[in-house]
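This report refers to the structure that appears directly beneath it.
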Amino acid sequence: MRRQVIGFLSMLLLVSCASSLREVMQAWVGHSADELMMKWGRPSQVVDNPSGGKVFVYVSSVEPMSITTDGYIDASGNFQATTYDAGGVPTPTRVLMFFANSSGIIYAWRLQGI
């Protein structure tokens, strides 16, 4: 678990620039979701994609002591959830989503938030 957290935090550090993050996310298209999870660790959540397959959701919060509620993918393809800080106040988040088909191959990605 520690290795996964360190891997995810390292990934965020390395891709702090939005254009670099987009390039990193695009590079995963055509790869398997299993490969993604081996490299980035367990996602914050895996949800069913309304159009089939799964969406692997990684949530990164500005607040270090935060909790993200269970979420879902809405009809527009947005991940809907709320992240709260330790005091119960909603905090800004960055949501990275990878869309995988029924064979587990990533075919698209989406970035939400800051």
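The values are calculated or read from the model by the stated rules, or taken from the named source; none is laboratory data. Because the structure is a prediction, the values reported are computed rather than measured. Don't worry about glycine lacking a Cβ; one is built from the backbone with ideal geometry, like all the others, and counts go over all protein chains shown.
Figures for the structure shown
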{"quantity": "Given (1) surrounded by fewer than 16 Cβ atoms within 10 Å (Cβ to Cβ); (2) modelled with pLDDT under 90; (3) at negative phi, number of the condition residue 34 does not satisfy", "calculated": "(2)"}
{"quantity": "First in region 92-108 and on the phi > 0 side of the Ramachandran plot, second anywhere and of a type outside the set (Lys, Arg) and not in a loop (DSSP other than H, G, I, E, B), Cβ under 7 Å, 6 or more apart", "calculated": "104/32; 104/33; 104/34"}
